[in-house]
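Report on one structure; see the data block that follows.
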Amino acid sequence: MCTKCKETIKKSASRNIRFVQSAISIVKSTHIRPYSCKFSKKIYSQHQLLVLILFKDFRNQHYREFIEDVEDMEGVQEILDLSTVPHFTTLQKFLLRIKSLYLRLIFKKSVRMFYSTDDGIPVTAIDSSGFTSGYCSHYFSERTGKIRKHFLKTSISVDTDRQVITGFVASKSRVHDTRHARKLLRQCHNLRPSDCYVMDRGYDSNEIHRLIREDLTADSIIPLRSWNNEVIGGTYRKEMVIKADDPRYRKRQLVETTFSVLKRKFGGDLKARKFPIQMKEIANKMIVCNIHRFLQFLITEVFYSAEIWLRQFCIIYNIFL
């Protein structure tokens, strides 16, 4: 085997171990009970199965393929303390019966990893996209002439400085952006307040401005969606004529970057057929994306800051030497 292939395998193995270590620490910090009831067989704990499901979404694999790979990962089995690798149907049934509340708790823990108690967010960007709802391949859809068009509309809020997903809302049918925005704004603001919220023209509404300015006591930047000779109504919408060139609005494109990373690395298709399980898959993708970002954040912040400190120490040492 060539040296490049060996290095690639080592990097992927270390990346997998770092993810599993981070995931197990987050799951245990939520104080979820190890077993669902006292009559459980206690072969696998809820912590182990939750981490395996998140790890599957991190690798963007199907259940059968994922279990076959885990059987060859001795390091992952040691971290999770697995005596035997569960059958792929065990993970499917566990995801079916687990409460969505648990996934929400894990998501909140994944957000709080990036902040201390007093940290705020300067600018939060909000946008929406869709996850394709289908279990067949795109090639099969084209060959049969039944192109998949149904998708679950998903809106997310992103910290533009750290590119962390701070909230998400999904719906089965296509709805207007403002309907998602009302719920999403309260959700992300309660979890981590922001000084300013930026959105595209699809969210242009005086009610959204009023919610941000009066209820959340923050600033809002939403470009006007106006046509020729139209009278601009609303006090806050009239202010957008002056704030059209606000430099903070340029950070809105970072939420589209987060969507791109989310779909490229962890898939834009949902494998489940039922809507409740599809919602759980979306929550898993958000958690996995935040953990992935946290691992990158550790590398960039800790490693490079340590390297800078080492260089400064060497310079001082050479001066006094």
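The values are calculated or read from the model by the stated rules, or taken from the named source; none is laboratory data. Keep in mind the model is a prediction, meaning the values are calculated, not measured. So basically every Cβ, Gly included, is an ideal-geometry build from the backbone, and we count neighbours across all protein chains shown. Quick note on the areas: whole protein, heavy atoms, side chains included, nothing else; ligands and nucleic acids left out. Shrake-Rupley method; radii C 1.70, N 1.55, O 1.52, S 1.80 Å.
Candidate cross-link partners of LYS172 among the aspartates and glutamates, defined by an alpha-carbon separation under 16 Å and a same-chain spacing of 8 or more, comprise ASP269, GLU281.
Residue by residue, region 270-279 carries 3J(HN,Hα) couplings of 9, 7, 6, 9, 8, 4, x, 6, 4, 5 Hz when phi is fed to the Karplus relation 6.51 cos²θ - 1.76 cosθ + 1.60 (θ = phi - 60°); x denotes Gly or Pro. Note on region 165-305: with neighbouring protein chains present and a 1.4 Å probe, carbon and sulfur make up 51 percent of its accessible heavy-atom surface. Cα-based radius of gyration for region 165-211, normalised by 2.2 N^0.38 Å, reads 1.14. Given q = 0.12, 0.19, 0.24 Å⁻¹, what are the Debye log10 I(q)/I(0) values for region 186-263, with equal point scatterers placed on the Cα positions and solvent ignored? Taken in order of the listed q values, log10 I(q)/I(0) reads -0.37, -0.87, -1.22. In the structure shown, the pairs LYS183/LYS251; LYS41/LYS153; LYS56/LYS109; LYS42/LYS265; LYS153/LYS251; LYS99/LYS251 are assessed against 31 Å; a Cα-Cα span above that value is assigned to LYS41/LYS153; LYS42/LYS265; LYS99/LYS251. Here the extension length gained between SER173 and THR117 equals 16.5 nm, from 0.36 nm per residue of separation less the Cα-Cα distance. On the beta carbon distance between ALA244 and ARG104, with R0 = 45 Å, the FRET formula returns roughly 0.75.
Suppose the Debye formula is applied to equal point scatterers at every Cα of region 1-120; what is log10 I(q)/I(0) at q = 0.12, 0.14, 0.16, 0.20 Å⁻¹? Values, matching the q order: -0.49, -0.65, -0.83, -1.19.
Averaging the Cα positions of each part gives two centres, and for region 46-75 and region 210-276 these lie 35 Å apart. For the peptides 123-131, 36-44, 218-226, the ranking by packing is 123-131, 218-226, 36-44, with the highest mean count of neighbouring Cβ atoms within 10 Å listed first.
Taking a quarter of the surface of the convex hull around the Cα atoms of region 14-71, what do you get in nm²?
Directional mean of the projected Cα hull area for region 14-71 stands at 4.5 nm².
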